[in-house]
Amino acid sequence: MNIHVEVRDVTAAPLDPAEALNFVESGGNGAGALFLGAVRNRNQGRDVNGVSYDVFAPLAEQNFSEICTEAQQKWGDELRLFVAHGKGRLDVGGLSIVIAAGSPHRDEAFRACRYVIEEIKTRSPVWKQEHYTDGDSEWVQGHALCQHGEHQHD
Amino acid sequence: MQVKIQLFGAFRPLGDVMELQLVEQAKVSDVRAAFAANVPGELHDTLAVSRFADEKAVLAEDAAIAPNAILAILPPVSGG
């Protein structure tokens, strides 16, 4: 299998960039691209000391797989992709998402990595609650889900 | 018939799951109406831009709901 997706409880085990790069390596792949998302200490003028990630894991993992398959359709079946998204509370600097793409050449790896993170941001069932240094917490305003991937039961 | 709605994001303060009683042969739009009747007014704007889903996909508003279905309410997303 050349796609790995998961939602991980980051309060139990942190996300691991080395694991992602190892997964996308293969003898035929001369390029590997890595994207890391981390909790930053400031957002929209407010000082942040942590973020809690809420995830509807079954649908999120299916959605990650669909996005990775789309990337393979765009940039080739040789593409190997790793996606792990965190669930639970992280402090500033903690990794919330790790994406790696391996491909024969660099252009496909860079493009696929960018595609996967951008699609996850607008399509995947994940929510952030920011915790501020003044003790307040707020759910981050996000992207309303569109019709993509919709289906009707028979 | 009864359905369970798993709550996420801005709906989390209401609990992890909400149980709703619906008419037989209910559609997602019926779930939305019953859900709206059970959430405080300050969440109605968020509900208007939220979608219902099962573990496989986001559901169309006219999709039929099976008895005892377990669905999820998905407010606007902010992953990454």
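Exactly one residue out of A:Val55, A:Val92, A:Val116 is more than 19 Å from B:Leu74 (Cβ to Cβ) and within 11 Å of chain B (Cβ to nearest Cβ), and it is A:Val116. With a requirement of 3 or more residues that are surrounded by 15 or more Cβ atoms within 10 Å (Cβ to Cβ), the strands (runs of 3 or more DSSP E) lying completely within chain B that satisfy it span B:2-7, B:51-53, B:70-74. Filtering the range A:89-112 to residues that are in a helix (DSSP H, G or I) and either charged (D, E, K, R) or open to solvent by 10 Å² or more (accessible area, probe 1.4 Å) (or both) leaves A:Arg106, A:Asp107, A:Glu108, A:Phe110, A:Arg111. Considered as a group, the residues in the range A:119-141 that are within 9 Å of another protein chain (Cβ to nearest Cβ) and among the hydroxyl-bearing types (Ser, Thr, Tyr) include one that is surrounded by the most Cβ atoms within 10 Å (Cβ to Cβ), and that residue is A:Ser124. Within the range A:17-40, track down each residue that is assigned to a helix (DSSP H, G or I) and of a type in the set (A, V, I, L, M). Hits for the range A:17-40 are A:Ala18, A:Ala20, A:Leu21, A:Val24.
Any idea which residue in the range A:58-88 is least open to solvent (accessible area, probe 1.4 Å), counting only those that are touching a residue at least 12 places away in the same chain (Cβ under 8 Å), more than 14 Å from every other protein chain (Cβ to nearest Cβ) and of a type in the set (S, T, N, Q)? Filtering first and then ranking leaves A:Gln72.
The values are calculated or read from the model by the stated rules, or taken from the named source; none is laboratory data. Just so we're clear, the structure is a prediction, and the values are computed from it rather than from any experiment. Ideal geometry is used to build each Cβ from the backbone, glycine not excepted, and the neighbour counts take in all protein chains shown. When the accessible area is computed, the model is the full protein with side chains, heavy atoms only, and any ligands, DNA or RNA have been set aside. Shrake-Rupley method; radii C 1.70, N 1.55, O 1.52, S 1.80 Å.
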